[in-house]
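The values are calculated or read from the model by the stated rules, or taken from the named source; none is laboratory data. Since we're looking at a predicted model, the values are computed, not measured. Please note: Cβ atoms are built from the backbone with ideal geometry, for glycine as well, and neighbour counts cover all protein chains shown. The accessibility values were calculated without ligands, DNA or RNA, using every heavy atom of the protein model including side chains. Shrake-Rupley method; radii C 1.70, N 1.55, O 1.52, S 1.80 Å.
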Amino acid sequence: MKLKTAIDISSSLKFMIENLELQSNIGKQILLNLDFCNDKIELNREFEAILFMKNKIAENTKIVEDFNIKLYRIKDIRGSLNNLKGRNTLDDIELFEIKNFCILSEEIRKLCDLYRIHIFEIPHLQQVIDILDPEGNKVPTFYVYDAYSEELHKLRKKIKSLGKENIAEIEKLRFSAEQIEDTIRQSLSADLFVHVDKIITALEKIAKLDILLSKSIQTIEMNLCKPEITESITSYKSLINPQIDELLKFQNKKYQPIDIEIRKSPCLITGANMSGKTVLLKTVALAQYLAQFGFFIPAKEAKVCLVDKIMLCMDDKQNELKGLSSFAAEILEINNIIQESKNNSNVLVLIDELAKTTNPVEGSAIVNAVLEILDQQEIRSLITTHYSDIHYKTRRLRVKGLKEESAKINKDNINDYIDYSLIETEETEVPHEAIRIAEILGVDGEFISEIRKQLTTNSM
């Protein structure tokens, strides 16, 4: 999976990517084409690079400004380089793009030497600059200079000396000059072809430098932590969702960090409405995506088991599976998860309100069946539910939910009185707080009374 695909799935991941301070378009393009990685060595190498750059920035914040000034001017010249690699004759615009890039590349390489940043060994491109800058001016412009040909120089000089009355002769001289210019462009393109791989390498490494710098800045600004890759249990201490955190800050509210462990078995999560179960799953997905795309994580501590795939069932798929009911869409999604789990035990499964689209009797049976299959396959999975009739023996977590200071709670501050922390539980009964929440929100009193009456009748 590419990063650009993952951000279509996770709005929280999209938020993190959009908040990166990338300077170059080529950096953005290469970032979006990053692969979901399960190579421990490769990821640890990236984490160490981020940590190294973070420390460099802490030592001297001027690094950011100095590099960004150069990186901002880096253009995506892969089209010109592809033409060059195909042995085509480049035009003046393409020759200008390559010259301008090579000048900037040398300046960035020298900045790396200045600040002792040698994570990426950017190739020396002075030979390319010499080819495209025969006069040695180091000006980021290009045209076919007189210095390339004495004959061309003489023709241009003669054209300038002739008056307007010599139109025919001027046109003849210009034609000769253009033929020489074309020959020079062919020659320049042939000379540059020898260096094309070095230029491509420099472009890619500078793009990765841009990505690394932006990751490191984000790590500092968001106080992200370096993930530790483990083999058995994924665990997070004080994990947050920056997207939700920012939204709450605009509302003068605080985000409550979560501690959670994810083992090689299913875990059932219960809690009242508004208790943050959906946000929890989205945040766990975000953390896994971040780790395996080579980012630090919004937590105080993160230990992450690498997986081959994240499988989500968190939204109604009716719009995507056109013509199917909500239940049909959901059950096909669950079937896909079951089949993948049987074929590949190294997946992370996150299911929100499993079987919510059918009746409680059959819904409970579906939840019990899914838990059993995922347990047999030792699948790392978190499943939220409102059903009480779940008897399969599995690990259970409950969101604590509403606090006891009921007299202080109203519809404007209700979120301040919800404890989103998770506690281990063996209870099969899910929390019953719907009526209490309805009362706090100011729902019609007669309606509340009727609900209580129905509950009393049904319990007899």
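Between 306, 286, 280, the distinction of being among the hydrophobic types (A, V, I, L, M, F, W, C), touching a strand residue (DSSP E or B) at 6+ places or on another chain (Cβ under 9 Å) and modelled with pLDDT under 95 belongs to 280 only. Of the numbered criteria (1) open to solvent by 10 Å² or more (accessible area, probe 1.4 Å); (2) touching a residue at least 60 places away in the same chain (Cβ under 8 Å), the one residue 291 fails is (1). For the condition aliphatic (A, V, I, L, M), farther than 17 Å from residue 300 by Cα and in contact (Cβ under 8 Å) with a residue 60 or more places away in the chain, residue 212 qualifies. Consider segment 330-380. How many of its residues are polar (S, T, N, Q), farther than 17 Å from residue 38 by Cβ and either touching a strand residue (DSSP E or B) at 6+ places or on another chain (Cβ under 8 Å) or in contact (Cβ under 8 Å) with a residue 60 or more places away in the chain (or both)? The qualifying residues number 1.
Within segment 279-288, is there a residue that is touching a residue at least 12 places away in the same chain (Cβ under 8 Å) and either in contact with a Gly (Cβ under 8 Å, 6 or more places away or on another chain) or open to solvent by 40 Å² or more (accessible area, probe 1.4 Å) (or both)? Within segment 279-288, one or more residues are touching a residue at least 12 places away in the same chain (Cβ under 8 Å) and either in contact with a Gly (Cβ under 8 Å, 6 or more places away or on another chain) or open to solvent by 40 Å² or more (accessible area, probe 1.4 Å) (or both). Looking across 33, 25, 19, 44, one residue alone is under 22 Å from residue 72 (Cα atoms) and in contact with a strand residue (DSSP E or B) (Cβ under 7 Å, 6 or more places away or on another chain). It is 33. If you go through segment 86-134 and keep only what is under 30 Å from residue 50 (Cα atoms), crowded, with 18+ Cβ neighbours inside 10 Å and of a type in the set (Phe, Trp, Tyr), you end up with 101, 120.
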